[in-house]
Amino acid sequence: MATTKLLVSDFASTVKNVPSNYIRPIYDRPNLSDVLISSEASIPLIDLHQLSGPGRSHVIKQIGIACQHDGFFQVKNHGIPEEIINNIISIAREFFKLPESERLKNYSDDPSKTTRLSTSFNVKTEKVANWRDFLRLHCYPLQDYIQEWPSNPSSFKEHVAEYCTSVRGLILRLLEAISESLGLQRDYIDKNMNKHGQHMSLNYYPPCPEPELTYGLPGHTDPNLITLLLQDDVPGLQVLRNGKWVAVNPIPNTFIVNIGDQMQVLSNDKYKSVLHRAVVNSDKERISIPTFYCPSPDSVIGPAMELVDQHHPAVYRNFTYGEYYEKFWNKGLATACCLDMFKA
């Protein structure tokens, strides 16, 4: 059985079984019973309170260790007010509750569109669909994109713009800390991204009648530089650690930070872009809001020269971010990371 609806959210509550085009082959299923769920196995939680204080060097050391060993960490005391966080989660929920005809005004299956509602990952190229709808927004520079954004719900632009601006400030602080943790100048990463780019996705994962057969998103790494993820209170994110999938359960008022492929390149493989995935459940809808911070398409990416010497040769050739990003969208999530294509 397949469905004629464009979006998962418009048929999920009407089916007792997962439609055939969402069912993963047996070798590529979540195996939910094998997932580690203990808090000890989860990713580091770093307190950013001292990042602007006398404890800065200690926080930077913690960030460096997390980037090197985990590729993922959580942050608290990050400076973004709880009200801004609550507003963005609420507005995302409101958007996905709008009537189908209203939501579909934003629909497109073209990955190059800078504002679009879509489903799964790339419906043009993938063989198996994913149990996810998403609203993808480009959001920096804000004035270049805000007019394209949905105007329903009525406070959408206001709340999302406020969130984007706050998150960008936090990301820039984290990029300075990561630069320093690599032994580079504080502004090294900032300067090497040219004009910068910022995208975000409002992800909506409806309840699924057979969550063991499908994914919200299968295992993948992020193509960008750094990702800042906000989750609601429903678990779903899992990270691959030491060959095992580990559940990263939500902690209120924290963000999850993960290293993207470009940071792995820039660090000359010192920092790792790690496989992660989203699983679904049969009881509750889930909302997650990742912000993808990236170089502008014309930026030339390569290992930082300060990290290359005769004992540490360059692992990657130089390339433009635009070249990398195009390959990422075209290859699909279920295949190997793009990084191997760019080895020196």
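Residue pairs whose Cβ atoms lie under 7 Å apart, separated by 6 or more positions or on different chains, with the first residue in the range 306-329 and polar (S, T, N, Q) and the second assigned to a loop (DSSP other than H, G, I, E, B), are ASN318/GLY302; THR320/PRO297; THR320/ASP298; THR320/SER299.
Residues that are crowded, with 18+ Cβ neighbours inside 10 Å and closer than 25 Å to ASP47 by Cβ were ranked within the range 185-197; the one that is nearest to the chain's Cα centre (by Cα) is ILE189. Note down all Cβ pairs under 8 Å where the first residue falls in the range 15-41 and is of a type in the set (Asp, Glu), the second is open to solvent by 50 Å² or more (accessible area, probe 1.4 Å), and they're at least six residues apart or on different chains. Pairs that qualify, where the first residue is of a type in the set (Asp, Glu) and the partner is open to solvent by 50 Å² or more (accessible area, probe 1.4 Å), are ASP28/ALA334; ASP34/LYS244; ASP34/TRP245. In the range 110-124, the residues that are more than 13 Å from SER201 (Cα to Cα) form Cβ pairs under 6 Å with partners that are of a type outside the set (Gly, Ala, Ser), at six or more places apart or across chains, as follows: ASN122/PRO111; ASN122/TRP329; VAL123/ASP109; LYS124/ASP109.
In the set ILE91, ILE65, only one residue is over 20 Å from the mean Cα position of the chain (by Cα) and either among the small types (Gly, Ala, Ser) or at pLDDT 95 or above (or both); that residue is ILE65.
Scanning the range 286-322 for residues that are surrounded by 13 or more Cβ atoms within 10 Å (Cβ to Cβ), among the charged types (D, E, K, R) and out of contact with any helix residue (DSSP H, G or I) (no Cβ under 8 Å at 6 or more places or on another chain) returns a single hit, ARG286.
Taking the listed residues LEU237, LEU217, the one that is closer than 26 Å to PRO30 by Cα, under 15 Å from the mean Cα position of the chain (by Cα) and without any contact (Cβ under 8 Å) to a residue 60 or more places away in the chain is LEU237, with no other qualifying.
Exactly one residue out of ALA129, ALA161, ALA92 is open to solvent by less than 40 Å² (accessible area, probe 1.4 Å) and free of Cβ contacts under 8 Å to residues at least 60 places away in the same chain: that is ALA161. For VAL265, the conditions (1) open to solvent by 40 Å² or more (accessible area, probe 1.4 Å); (2) in contact with a strand residue (DSSP E or B) (Cβ under 6 Å, 6 or more places away or on another chain); (3) of a type in the set (A, V, I, L, M, F, W, C) all hold with the exception of (1). If you go through the range 35-69 and keep only what is open to solvent by 90 Å² or more (accessible area, probe 1.4 Å) and either among the aliphatic types (A, V, I, L, M) or at positive phi (or both), you end up with just ILE37. I want to confirm something. Restricting to the range 105-126 and keeping residues that are β-branched (Val, Ile, Thr) and either under 20 Å from VAL18 (Cβ atoms) or open to solvent by 40 Å² or more (accessible area, probe 1.4 Å) (or both), which single residue is farthest from the chain's Cα centre (by Cα)? Step by step, filter the range 105-126, then rank; the result is THR125.
The values are calculated or read from the model by the stated rules, or taken from the named source; none is laboratory data. Since this is a predicted model, take the numbers as computed values, not measurements. Counting neighbours? That spans all protein chains shown, and the Cβs are built from the backbone with ideal geometry, glycine included. Areas reflect the complete protein model, heavy atoms only, side chains present, ligands, DNA and RNA absent. Shrake-Rupley method; radii C 1.70, N 1.55, O 1.52, S 1.80 Å.
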